[in-house]
Every structure is written in C-alpha cells, then in structure tokens.
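Enquirer: My questions will all concern the structure given below.
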Amino acid sequence: MRTVLSGTAAARGMALGRARLVKPSMLQVDHRLLEQNEVEGEIERLHDAIESARVDLNEMRQKLHGALARDVGEFIDAHSLLLEDPELLRGLDEMIRKGRYRASAALKMQADRLGAVFEAMDDPYLRSRHEDIDQVIGRVMAALSRQSSSEERKLAARVGEILVADTIAPGDMAHLVGHGLLGIVAAGGSVYSHSAILARSLNLPMLVSTNDALSAIGDEDLVLVDAENGQVVIHPTAQDLSRYRKWQREAAQEGRRLATLAKQPTRTLDEVPIRLYANAENTSDVAQARAFGASGIGLYRTEFLFLRSKGLPGEEEQFEAYRDLILGMGGLPCTLRTLDLGADKADNAGLTLREEDNPALGVRGVRLSLRHPAVFNTQLRAILRAASYGPVRVLVPMVSHAQEMQSVRTMLAMCARDLREEGHEVEDALEVGAMIEVPAAAIGVHTLVDDSDFFAIGTNDLTQYVLAADRNNDALGSLYDPLQPALLRLIARVISVGRRTGKAVSLCGEMAGDPMFTPLLLALGLTDFSMHPGQMLEVRDRVGQLERARLRRLSPQLLRARSSQEVATLLEVFR
Ligand code: PEP
Ligand code: MG
C-alpha cells in the first residue's frame with residue numbers, strides 16, 4: 001500500500017529504486033561482564049577489529065579515482081584519523097581491563113559519551129561530527145561482528161538501489177555510488193553532516209531525519225525518494241511514477257540550461273552586475289567555485305582544518321592549506337575566516353571541552369581566539385604568509401564590538417612585524433572585516449566602520465540571535481524564519497551603512513544560496529552573495545530573471561511589513 005514518510009531534504013532531486021535496508025549495527029551489544037581470564041583475548045579482539053576497520057578505510061581510499069577520490073578522500077582520511085584518535089580510543093583497553101566490559105559494550109559506552117560531548121556543541125557543523133564518531137565506531141563494531149559471526153557486510157548495493165539506513169558514512173556513500181546507488185533515505189542524520197555535503201556535491205538525492213524509515217520501509221520495497229518535496233513514497237502509484245518522469249525530463253532540461261550559465265556574468269534583468277562568491281570548505285568546493293564562475297571565496301571556514309587535523313594544526317599545515325586555496329582560486333580574492341569554534345576549546349590532544357551553560361552565548365569565534373593568543377597568532381601568521389600568493393581578506397567571526405576588531409588588527413600587525421623580522425615577505429595591509437551575526441554588531445554597525453574594511457552578514461547566526469531561537473532546535477523551526485521583518489531591518493541597515501561608508505557588504509548565510517530569497521536580498525540592496533558553489537548556477541539564473549530597480553522600490557514596504565507572511569505576500573509577484 002502507498003505510504004508517504006516525511007524527511008528533511010539534505011540533497012535535492014528525485015530517485016526511484018528498490019530499497020536496500022541496512023539496520024543499525026548488526027552486532028548486539030553484549031553487556032555480560034568478562035571473566036578475568038577472558039580480558040586479554042577481548043582486548044586483542046578489539047585491536048584486531050580496529051585494525052580491520054582501518055584496512056577497510058584504506059582499501060576504500062585506494063579504490064577511488066578521479067573526482068570521487070578528490071571529493072571523498074578527505075572524508076575518509078578524517079575517519080582514519082578518528083580511528084587513531086587518542087580521545088576516541090583512550091580508555092577502551094582500560095574499560096575492558098578494569099571494568100571487565102566486552103569490546104562491544106566498551107565501544108558503545110565510548111560512542112555515547114563522545115556523542116553527548118558533540119551534541120552539546122553549539123556549532124551545527126561540530127554537532128554533526130558526532131555522526132562521524134558513530135560511523136567510525138559502527139565500522140569497528142561491524143568488524144567485531146564479522147569476527148564472531150563471519151556475516152558478510154550488508155553494504156553492497158546493487159545498481160538502481162536506494163539506501164535506507166540510520167546514517168551513512170561518506171566513504172560508504174562513495175563506494176556505493178560507484179556501484180550504482182541512486183539515493184539515500186536516512187532515519188537520522190543532519191543536513192550539516194559530511195554525508196549530506198557529499199550527497200549535494202554528488203547530486204545524489206538524500207533525505208535525513210526520516211523518522212520511521214527503518215520500520216516502515218521493507219528490504220526490496222519500491223521507493224520513490226522525492227527530495228524536492230522532503231518525502232519518500234513507499235510503493236508509489238502510477239501517478240507518482242508519472243510525476244517522477246516529468247521531474248526527470250525537466251531536470252535534464254534544466255541541467256543543460258544551467259550548465260550554459262557557468263561562464264556567464266551575473267546580472268539582473270536591468271543589467272546590474274551582482275557578485276557571487278563561494279563558501280568553501282574543501283578542495284572540491286574550490287574546483288567547483290572556479291568551474292561555476294565564482295567572483296572569489298566569500299567565506300572559507302578555517303575551523304574545518306582544525307577538525308580534520310589531529311590536534312591543533314601548526315603554522316606550516318595551516319599555511320599550506322591557505323596557500324593551496326589561494327593558488328586554486330588563481331588570483332581571485334579569498335576571504336579567510338579566523339577560527340570559529342563553539343564553546344569548545346582546541347588543544348594539542350584534539351578538542352577539549354569547557355562546560356558552559358549557554359554555549360551559543362559563550363566563548364566562541366573571536367572571543368575564543370582572543371583568549372588563546374598563541375593559537376590565534378599561529379593562525380594569523382599562516383594567513384599572512386599565504387597572502388603573498390594572492391589577494392586575501394581576513395574575516396572575524398562573532399564580533400560584538402569595535403574593541404575586538406581593534407585587538408585583532410593589533411595582533412595581525414604584530415604578527416606581520418615578526419614575520420618581516422624573520423625575513424618573510426608580508427603584504428602591507430590585509431583587509432580585515434567583521435562578520436555581522438551578533439545583533440549588537442548589526443544594530444551598532446556604524447561603530448564598527450572605523451575598524452572594519454568590509455562586512456559579511458552571517459544570517460545563520462544573526463537569525464538565531466535576533467529571534468532567540470537555537471538554529472539547531474527543530475521545535476523552533478517556524479520561529480527561525482529569515483523573512484522576519486526585524487531581521488530584514490538589520491540586514492538592510494548593514495547594507496546601507498556599508499554603502500554610505502564605502503565598505504563592501506556581502507551575505508554568506510544559507511539564505512544567500514537559496515533562490516527563494518534572491519528577490520528579497522536584491523530588494524534590500526545586496527550585491528555580493530556568498531554561497532555553496534553548488535548553488536551558484538541556480539542563483540545566477542534567478543538573478544537574471546529579476547529587475548533590481550523594481551525590487552529596490554519595494555524595500556520600504558518590506559521593512560514596514562508586520563509579519564513574515566506580509567513579506568512573503570509582497571514578494572509573491574516575483575515567484
Ligand atoms: C552564519 O552564521 O551565517 C555563517 C555564515 O557562519 P556559520 O554558519 O559558519 O556560523
Ligand atoms: Mg556564524
């Protein structure tokens with residue numbers, strides 16, 4: 001019987017195929033305690049399983065070629081690093097030896113403990129890292145279960161299948177795509193996970209948070225993943241299938257049309273030039289940014305580097321990453337955002353946490369950097385050195401007041417002086433800009449003008465702080481609304497202060513990459529957008545259909561609107 005489940009679209013598109021159901025870890029956790037004489041054998045079993053998981057990952061890495069190797073290699077490396085992470089593995093032997101736990105129970109406890117630590121993090125990217133921990137531990141668990149039951153791994157999709165699982169590791173996804181996987185329905189997961197990022201760059205339709213997927217979908221059931229509408233249809237009807245075929249025809253046509261836009265300039269219907277910058281996190285983003293004609297990198301989230309690295313990345317490692325990004329962009333400007341970790345604190349052993357009651361209102365972004373001058377200096381030195389390879393701007397996250405910008409500038413100047421004394425060629429003055437994501441910075445943007453060369457509006461955070469609605473809290477989804485007039489007033493204010501004072505203003509939150517918001521942002525006066533490169537063609541296309549002058553005339557009404565519904569109604573004609 002036709003059944004429809006709702007999920008959250010993590011990568012758009014549609015796919016039709018047979019379900020390949022993968023239940024979470026086939027291994028039952030065995031809670032019986034060990035006898036003393038079983039302890040050493042169990043530790044050996046655990047070590048063998050970890051080794052076998054490592055070999056799995058290595059083999060997976062070797063098998064990847066071309067673009068997939070580039071896209072996925074980094075994710076697999078991140079998982080391999082996790083397998084060696086002392087924080088992850090620390091204590092497993094102890095738990096077996098002293099606590100007499102079996103390997104599976106020790107792994108489960110460790111996964112739960114680390115899961116809770118990541119869940120408590122404020123940054124959605126960091127929070128989603130708990131999926132990586134689960135996936136890596138799941139791999140070790142699977143290896144343990146193979147030892148005991150010699151059951152083959154079930155992850156061997158055949159051509160034309162839709163994977164239905166709790167979550168999926170990026171490495172597995174890459175492997176399965178090579179074997180003809182068509183789409184993914186995850187019961188858990190988040191749109192910020194590595195897998196979701198990868199699915200978007202592979203154009204693989206993916207739904208996450210599809211509750212009940214594992215119980216409602218049967219192995220081999222025919223399913224239609226409709227990630228355009230956040231649904232999966234089990235046993236689709238003839239009507240569903242014709243909807244799917246229609247989508248296929250339109251998507252193919254649309255793909256051909258959008259591809260022709262890759263090298264086109266971005267202009268509104270009335271010929272106003274608009275700049276589209278890319279938000280980049282890895283090398284494939286850089287390649288895509290170039291391929292789709294980005295004006296530069298508008299946001300490079302350097303915290304990704306800190307998370308991939310084992311412990312703190314040193315100056316050399318950071319320098320090389322920044323330099324490669326800059327070289328990859330071939331002379332286009334690159335905006336490097338300084339470390340924006342949440343309430344967690346980085347140290348040489350990896351990430352250690354500080355307990356904070358309110359991490360979103362805690363020591364994050366520039367607050368954290370200024371409290372750890374040694375860490376910050378290392379980053380600033382690396383940025384300054386990399387800046388000799390191309391145009392670089394420095395972007396400071398979570399700025400609340402001018403004093404923070406002044407401190408960053410002073411530190412940057414001191415680093416430049418030191419580097420020169422050491423014989424490095426250092427650019428005279430890098431542009432330093434403020435992220436506008438704290439309400440005080442938006443309301444008081446005029447107070448930041450003297451100390452900022454440019455502004456980048458971070459609507460992901462600004463929305464949550466203006467509405468006091470946690471960006472990760474599903475229960476507040478309707479409150480976390482980028483159309484809220486209060487938010488629009490702040491965005492418009494920053495853009496207008498920027499224009500009056502000659503400071504460039506870009507917007508790099510998720511709404512910049514959503515064509516649904518393009519008319520609104522043009523109406524508010526935005527000319528510089530920064531988004532995931534995969535969204536650039538659609539936004540360029542949308543910009544080309546819109547008349548900026550007409551939208552600008554709508555701005556006063558939009559700002560006077562009393563509700564987001566009223567804003568939506570005013571923009572209706574531009575749909
Ligand atoms: C934002 O807050 O809008 C932003 C771009 O930064 P992040 O999503 O990394 O917090
Ligand atoms: Mg932010």
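Enquirer: Taking a ≥ b ≥ c as the square roots of the Cα gyration tensor eigenvalues, with a/c under 1.5 meaning rounded and otherwise prolate when a/b beats b/c, else oblate, which class fits the chain?
Expert: Verdict is oblate for the chain.
Enquirer: For the chain, with every protein chain kept in place, what is the accessible area per residue (1.4 Å probe, Å²)?
Expert: Here the residues of the chain average 43 Å² of exposed surface.
Enquirer: While we're on this one: Can you give me the pair-distance distribution of the range 520-568, C-alpha pairs, 10 Å bins, whole percents?
Expert: Computed distribution, short to long bins: 24, 45, 29, 2.
Enquirer: Under the classification rounded if a/c is under 1.5, otherwise prolate if a/b is larger than b/c and oblate if not, where does the range 29-148 fall, given a ≥ b ≥ c as square roots of the Cα gyration tensor eigenvalues?
Expert: Oblate, since a/c reaches 1.5 and b/c is not below a/b.
Enquirer: List the residues of the range 388-420 whose backbone N lies under 17 Å from a point placed 7 Å from the Cα of D450 along the Cα-to-Cβ direction.
Expert: Zone members listed by number: 400-410.
Enquirer: Then there is this: PRE reach from E119 (point 7 Å along Cα→Cβ): which of the range 203-235 fall under 18 Å by backbone N?
Expert: It comes to 209-212, nothing else.
Enquirer: How much mean residue ellipticity at 222 nm does the chain get from its helices, if each DSSP H run of length 4 or more adds -39500 (n - 2.57) and you divide by all residues, to the nearest 500 deg cm²/dmol?
Expert: So the calculated ellipticity at 222 nm is -15000 deg cm²/dmol.
Enquirer: Shape verdict for the range 302-436, please, from the Cα gyration tensor: rounded (a/c under 1.5), prolate (a/b greater than b/c) or oblate.
Expert: Prolate.
Enquirer: For R371 and D77, calculate 0.36 nm times their separation in residues minus their Cα-Cα distance, and state this gained length in nm to one decimal.
Expert: Fully extending the segment from R371 to D77 adds 102.8 nm.
Enquirer: Now, a different point. From the phi angles alone, apply the Karplus equation (6.51, -1.76, 1.60; θ = phi - 60°) to the range 528-537 and give each ³J(HN,Hα) in whole Hz, x where the residue is Gly or Pro.
Expert: Whole-Hz 3J(HN,Hα) from phi for the range 528-537: 10, 10, 10, 8, 4, x, x, 9, 5, 5.
Enquirer: Also, I was wondering about something else. Calculated FRET efficiency, R552 and L258, Cβ-Cβ r, R0 22 Å, to nearest 0.05? List each step's numbers first, then the result.
Expert: Details: r = 26 Å, r/R0 = 1.20.
Efficiency computed from Cβ-Cβ geometry: 0.25.
Enquirer: In units of 2.2 N^0.38 Å, what is the alpha-carbon radius of gyration of the range 442-575?
Expert: Relative to the 2.2 N^0.38 Å estimate, the range 442-575 comes out at 1.02.
Enquirer: Count of lysine pairs in the chain with Cα atoms under 27 Å apart, counting only pairs 8 or more residues apart in sequence or on different chains?
Expert: 10
Enquirer: Ignoring ligands, DNA and RNA, what percent of the 1.4 Å accessible area of the range 442-575 is carbon and sulfur?
Expert: 49
Enquirer: Also, I was wondering about something else. Between the range 247-294 and the range 160-180, what's the alpha-carbon centroid distance in Å?
Expert: Computed from Cα coordinates, the inter-centre distance equals 27 Å.
Enquirer: Another question, if that's okay. Between E320 and R417, what length in nm is gained on full extension when 0.36 nm per residue of separation is reduced by their alpha carbon distance?
Expert: 32.9 nm
Enquirer: For a quick check of understanding: with a 1.4 angstrom probe and all protein chains in place, what accessible area in square angstrom does I168 have, to the nearest ten?
Expert: 10
Enquirer: Would you tally the net charge around R2, using a Cβ to Cβ cut-off of less than 14 Å, leaving R2 out, and scoring K and R as +1, D and E as -1?
Expert: Taking every Cβ under 14 Å from that of R2, the sum is -2.
Enquirer: Measuring from label point to label point, each 7 Å out along Cα→Cβ, what is the N203 to E40 span in nm?
Expert: Taking the two extended label points, one gets 5.8 nm.
Enquirer: Which one, S193, G311, C334, is farthest towards the positive end of the dipole of the chain when Lys and Arg carry +1 and Asp and Glu -1 on their Cβ?
Expert: Going by the Cα projections, it comes out as C334.
Enquirer: First compute the accessible area of the range 302-436 with a 1.4 Å probe, then give the percent of it belonging to carbon and sulfur atoms.
Expert: Carbon and sulfur atoms account for 48 percent of the accessible area of the range 302-436.
Enquirer: While we're here: Go ahead and run the numbers for FRET between N211 and K23, Cβ-Cβ distance against an R0 of 22 Å, rounding to 0.05.
Expert: Here the calculated transfer efficiency is 0.90.
The values are calculated or read from the model by the stated rules, or taken from the named source; none is laboratory data. Please read these numbers as outputs of a predicted model, since none were measured by experiment. We place every Cβ from the backbone using ideal geometry, glycine too, and count neighbours over all the protein chains shown. These accessible areas exclude ligands, DNA and RNA; they are computed on the full protein's heavy atoms, side chains included. Shrake-Rupley method; radii C 1.70, N 1.55, O 1.52, S 1.80 Å.
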